[in-house]
């Protein structure tokens, strides 16, 4: 079965101030706290003024999603999760094929059946359709929970690296570009001048000690010029929604 992919988000808006992130990174439990999910005004996302060269005066961007997924650890763990969920995908595909087969039978033979036989077939289709839809939703919820666990675990270890890099390079604010504007706070930014995603990924790979995968996972470029994560989505089989003929 062809594997489909779904984009995931860690937060609607993830604006990291160096001071706030440093405070949260030093705490033992939890993750760096994200501010309110209300998008910032577009004016706050403008490129940093080149005249501001003092320490802590620069504004930078990072695609948190891409950083997590592009890290060696992220690629390894998401690929392992995809393999783990393959049996469930196969199970859902078989359930979907069964429903489609019954619907085809109903369509081609329904008018030849007596009322009782046709009614029983219609009920069978409806029951299996509902069971399939519940199974798909349960599988999606389970996959999302496991994907989030991986992302949060990596983010917790990546946060101190972001703090150190931002402090060393004189950044006073780091903004997340995982969500393109207007869903995210950044209207426009020049990745070549302000984006620190690759630098953070490189630093994280060194610290984690996880080797690069033999077959790197590619990322899909977003329209704003920053990358966006794609990752395996289990339960990709879409249940049939055709309404059976009336009894």
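Worth a mention:
- Residue exposure sequence - 134, 215 - by fewest surrounding Cβ within 10 Å: 215, 134
- In plain terms, the chain from residue 126 to residue 156 could stretch by 6.3 nm, reckoned as 0.36 nm per residue minus the Cα-Cα distance.
- Spatial offset of region 108-128 relative to region 151-222 amounts to 56 Å, using the alpha carbon center of each.
- Highest-first arrangement of 143-149, 103-109, 69-75, where packing means the average Cβ count within 10 Å: 69-75, 143-149, 103-109
- Rounded FRET efficiency, nearest 0.05, which uses the C-beta distance separating residue 80 from residue 133 and R0 of 25 Å: 0.35
- The gain in end-to-end length when the residue 215 to residue 94 segment is fully stretched comes to 40.6 nm, 0.36 nm per residue minus the alpha carbon separation.
None of the figures in this text is laboratory data; all of them are computed from the coordinates on show. Since the structure is predicted, the reported quantities are computational estimates derived from the model, not experimental observations. Reconstructed Cβ throughout: ideal geometry from the backbone, glycine too, with neighbour counts over all protein chains shown.
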